[in-house]
Structures are given as structure tokens and as C-alpha cells.
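Down below is the structure, laid out as C-alpha cells.
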Ligand code: NAD
């Protein structure tokens, strides 16, 4: 029998941005470890396909889906009304949905950079707050925020994205200290280049791809499953003494000075 420290049986996880990329891999990993999952993404059809596939792969698990735009304040409230009506409890929150528009600082229109803050930072902050009363009803719950290496150093993402991710890292540290007495651990992961549809256009340029590889000690980009494994570890009872950490999933990128 697998040691219960490495299982999530009986837990319920909310994963945002679960229809594609990292969020999809996270939801699949958590299901495999025994958790039931609540999936959130924008496109209802994509989300429904993912839910159907997960149900086929894990008939013993409960998979539910809620399509909404997390950049919309009302939608965030409706999401938590839905969860409260389900009365299924919540012990894991993975704030993964995020986006970017990459350009020089002076080229952003006001609504463009503000939209990045709304989704990457404000939605994360607000979902943590909405989830808190539910998380505290479980004896050992966990939040994992998906940050980025761009929240730790300059990369060519544009400054608003870097600012939002740095703030997500700091939010993680603050909540970890504040919520530890309530039994809620809060951690983050900081990926470097991961192969998803979001990064496909940039990585399709061979010169750019080679430049990325050149700056990455492990000499390759990452896969969504490699981020999912780190997220899942942070959720496990096995990680019960870890809170306030940000694990770089970056092939060594942040450690590579020269
Ligand atoms: P992706 O584009 O492949 O998938 C994004 C998912 O988020 C989709 O399910 C999409 O529907 C959902 N989503 C996007 N905007 C949403 C919104 N407004 N409301 C609800 N759902 C929304 O993205 P990805 O590459 O898997 O990125 C996931 C997270 O990882 C993001 O927070 C991103 O900043 C972070 N990240 C990615 C990389 C990378 O290289 N891919 C690197 C560092 C950090």
C-alpha cells in the first residue's frame, strides 16, 4: 500500500487554468494522487472535453468544471458561490491561470497593463481570500501559486508580468506566515520556459529557442508535467513542514550567473 503521506485521497482541489498547459497537467497529477478536482478555465467547450477525458481516465474520482473569466470580479464570486453550493469542501487551491502581453514598458496602454494585474495578481489574491474559510475547515490544506522566474529576475516578458509574478511570490510568503496557525500551507512554483501553447510561438523561432537553451543548465525547456510534479509535491502531506517556499522549476536557470 502506498504511504498516505504521498497520496491526496479524500482531498478536493480547485485548479485554475485547467484546460491547457501547466494547469491541465496539475489537475491530472492531483487526480492520479487521489484528489477530486474542480476545474476552471475560460472556454466551456475545452473545459468540458478535459472533464470528460479525466472522468474516463479516473472513473473513481469526482471531476467538476466551471467556465469563467477569472479577470472578471463577478465571475470570481460566482465561482465560489458554485463551490459553496456543491458543499464538497476544499483543501487545495492551485492558482495557475495567468497571462501576458510582452512588450517594452513604454508601449503598454493603461488597460493592457492593468489587465495583467487583474488576472495574474488580483484574481490570485482574491481567490486565496475566498478559499480561506473553506480551507480552514480541513485540518491540513494547501495553496500553491504559479509564479515565474520573471518574478525573481529580468527576463524578456515585459515589466508588468514580472511585477505581477514578483507580487505573487510575496503574497505566498505573507499568507504562509499569516495562515500557518489555521493549518493552511502556502507555497509557489516559479517556472522558466515550459512547453505550452503560450510559449509555442516564441520557441518556434530556432534562434530564440537556442538562446533559451544556452542559458539553461539542463539544456532544454521544461514540460508541463515537470511543473505539475512540483505543485503536487507541495500539496502532499509529505510536504507538511514546507510553507512560504517558492520552488523554481527552471532547469537551473536562476542559478546560472555565467
Ligand atoms: P496556457 O495558455 O497553456 O494555459 C492557460 C490556462 O489558463 C488555460 O486553461 C486558459 O483557459 C486559462 N486561463 C487563461 N486566462 C484565463 C482567465 N482570464 N480566466 C480563466 N482561465 C484563464 O498557459 P501556461 O503556459 O500553462 O501558463 C500557466 C501559468 O504558468 C500562468 O500563470 C503563467 O504565467 C505561468 N508560467 C508559464 C510559463 C511557461 O513557460 N509556460 C513560465 C512561467 C510561468
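The values are calculated or read from the model by the stated rules, or taken from the named source; none is laboratory data. Predicted model only: the values in this text are computed from it and were never measured. FYI the Cβ positions are ideal-geometry reconstructions off the backbone, even for glycines, and counts take in every protein chain you see.
Residues in region 179-207 that are under 23 Å from residue 141 (Cβ atoms), out of contact with any helix residue (DSSP H, G or I) (no Cβ under 9 Å at 6 or more places or on another chain) and either without any contact (Cβ under 8 Å) to a residue 24 or more places away in the chain or within 15 Å of the ligand (Cβ to nearest atom) (or both): 181 alone.
The one condition from (1) at pLDDT 95 or above; (2) more than 9 Å from the ligand (Cβ to nearest atom); (3) more than 15 Å from residue 229 (Cα to Cα) that residue 1 does not meet is (1). Checking each residue in region 76-116 for being out of contact with any strand residue (DSSP E or B) (no Cβ under 9 Å at 6 or more places or on another chain) and within 12 Å of the ligand (Cβ to nearest atom) picks out 76, 99, 100, 101, 102, 115, 116.
Working only within region 5-36, note down all residues that are away from the ligand (no atom under 13 Å from the Cβ) and either part of a strand (DSSP E or B) or without any contact (Cβ under 8 Å) to a residue 12 or more places away in the chain (or both).
Step one: of region 5-36, the residues away from the ligand (no atom under 13 Å from the Cβ) are 5-13, 29-36.
Within region 5-36, 12, 13, 36 qualify.
Each residue in region 37-75 was checked for being within 13 Å of the ligand (Cβ to nearest atom) and over 14 Å from residue 12 (Cα atoms), and 21 of them qualify. Might you check whether a residue that is farther than 18 Å from residue 150 by Cα and surrounded by 14 or more Cβ atoms within 10 Å (Cβ to Cβ) occurs anywhere in region 186-205? Yes, the conditions are met somewhere in region 186-205.
Scanning region 79-104 for residues that are touching a helix residue (DSSP H, G or I) at 6+ places or on another chain (Cβ under 9 Å), part of a loop (DSSP other than H, G, I, E, B) and farther than 18 Å from residue 42 by Cα turns up 89, 90, 91, 102, 103, 104. Looking across region 131-162, the residues that are surrounded by fewer than 20 Cβ atoms within 10 Å (Cβ to Cβ), under 22 Å from residue 10 (Cβ atoms) and without any contact (Cβ under 8 Å) to a residue 60 or more places away in the chain come down to 132, 133, 134, 136, 137, 139.
Of everything in region 224-258 that is without any contact (Cβ under 8 Å) to a residue 40 or more places away in the chain and surrounded by fewer than 16 Cβ atoms within 10 Å (Cβ to Cβ), the residue that is farthest from the ligand (Cβ to nearest atom) is 241.
Within region 105-123, identify whether any single residue is assigned to a loop (DSSP other than H, G, I, E, B) and surrounded by fewer than 18 Cβ atoms within 10 Å (Cβ to Cβ), and answer yes or no.
The initial filter retains those residues of region 105-123 that are assigned to a loop (DSSP other than H, G, I, E, B), namely 108-109.
From what is left, the residues that are surrounded by fewer than 18 Cβ atoms within 10 Å (Cβ to Cβ) are 108-109.
Yes, there is a match, as at least one residue in region 105-123 is assigned to a loop (DSSP other than H, G, I, E, B) and surrounded by fewer than 18 Cβ atoms within 10 Å (Cβ to Cβ).
Quick one: which residue in 250, 210 is farther than 21 Å from residue 182 by Cα and out of contact with any helix residue (DSSP H, G or I) (no Cβ under 6 Å at 6 or more places or on another chain)? Spell out the reasoning first.
Details: 250 fails: out of contact with any helix residue (DSSP H, G or I) (no Cβ under 6 Å at 6 or more places or on another chain).
Of 250, 210, the one residue that is farther than 21 Å from residue 182 by Cα and out of contact with any helix residue (DSSP H, G or I) (no Cβ under 6 Å at 6 or more places or on another chain) is 210.
Does residue 55 meet the test of being part of a helix (DSSP H, G or I) and in contact with a strand residue (DSSP E or B) (Cβ under 9 Å, 6 or more places away or on another chain)? Talk me through it step by step, then tell me what you get.
Working: part of a helix (DSSP H, G or I): yes; in contact with a strand residue (DSSP E or B) (Cβ under 9 Å, 6 or more places away or on another chain): yes.
The answer is yes for residue 55.
Restricting to region 11-28, and then to whatever is within 17 Å of residue 62 (Cβ to Cβ) and surrounded by fewer than 24 Cβ atoms within 10 Å (Cβ to Cβ), can you tell me which residue is farthest from the chain's Cα centre (by Cα)? This residue is 11.
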